[in-house]
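Q: Got a structure for you, questions after.
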Amino acid sequence: MIADPQLNPAAIELGIFFPHPLDTVWRALTEPDLLGQWLLRPTGFSATAGTRFGFTIPDASVDEVECEVLIARHCDRLTYSWTYPQSTYPTPWIIDWTLRPQGLGTRLLLTQTGFDLEDRQQKMARNAMERTWKRRLLPRLGEVLDH
């Protein structure tokens, strides 16, 4: 995984290589059963711009996430909003996945924006999310892809 400190400090920007074809990685980002194995199980998800869907986070104080697909280009890019409507900070984050062929696999670029670094809680949330992507979620995505 690569994090570039020269990029937007308020954004999480990570790149990771998977030794799998674009279509395999795309399916892991867009098929509900596969999403549920590494991220969260979506309700009402379709990789179609304009689709509103949700995630339920088990055992969390803020357990409902409302999302909307903003961009969906097969095997190229998937972008969706991510909002905790019950939180004190209901402004959405934007999750953007960009897929690029690289050698015998796929380079996956993740960008998560919408953090206000002037707000202490948002700065802490940004840092916690970056750690979660790096240490737990992207490695779990790799495990799903390997099986």
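The values are calculated or read from the model by the stated rules, or taken from the named source; none is laboratory data. Not measured: the values here are computed from a predicted model. Backbone-built Cβ (ideal geometry, glycine too); neighbour counts: all protein chains shown. With ligands, DNA and RNA removed, areas are computed over all heavy atoms of the protein, side chains included. Shrake-Rupley method; radii C 1.70, N 1.55, O 1.52, S 1.80 Å.
Q: Note down the nm distance, to one decimal, between modelled labels 7 Å out along Cα→Cβ at A10 and at T132.
A: 2.0 nm
Q: Here is a follow-up. How charged is the neighbourhood of D76? Take every other residue with its Cβ under 15 Å from the Cβ of D76, and add Lys/Arg as +1 and Asp/Glu as -1.
A: Computed value for this residue: +3.
Q: Which net charge results when you count Lys and Arg as +1 and Asp and Glu as -1 among the other residues whose beta-carbon is under 11 Å from that of D116?
A: Charge balance near D116 sits at +1.
Q: Quick one: in the chain, what % of C-alpha pairs are over 25 Å apart?
A: Working: 2660 of 10731 pairs.
Of the Cα pairs, 25 percent sit more than 25 Å apart.
Q: Also: Using the basic label-point model (7 angstrom from Cα toward the beta carbon), what is the E68 to T56 distance in nanometres?
A: Spacing of the two 7 Å Cα→Cβ label points: 2.4 nm.
Q: If you don't mind, there's one more thing I want to ask. Run the accessible area of the stretch 75-134 with a 1.4 Å probe and give the carbon-and-sulfur part as a rounded percent.
A: Percent of accessible area from carbon and sulfur atoms in the stretch 75-134: 53.
Q: Also, I was wondering about something else. With a 1.4 Å probe and all protein chains in place, put I94, I16 in order of accessible area, largest first. Don't skip to the end; give the middle numbers.
A: On the way: I94 50, I16 25 Å².
Accessible-area ranking of I94, I16, largest first: I94, I16.
Q: Measure off 7 Å from each Cα along the Cα-to-Cβ vector at L40 and Q121, then give the distance between these two points in nanometres to one decimal.
A: Simple spin-label model gives 1.7 nm for this pair.
Q: Relative contact order (percent) for the chain, with alpha-carbon contacts under 8 angstrom and 6 or more residues of separation?
A: 26 percent
Q: Moving to a separate point now. Per residue, how much accessible surface does the chain expose to a 1.4 Å probe? Answer in Å², no decimals.
A: 54 Å²
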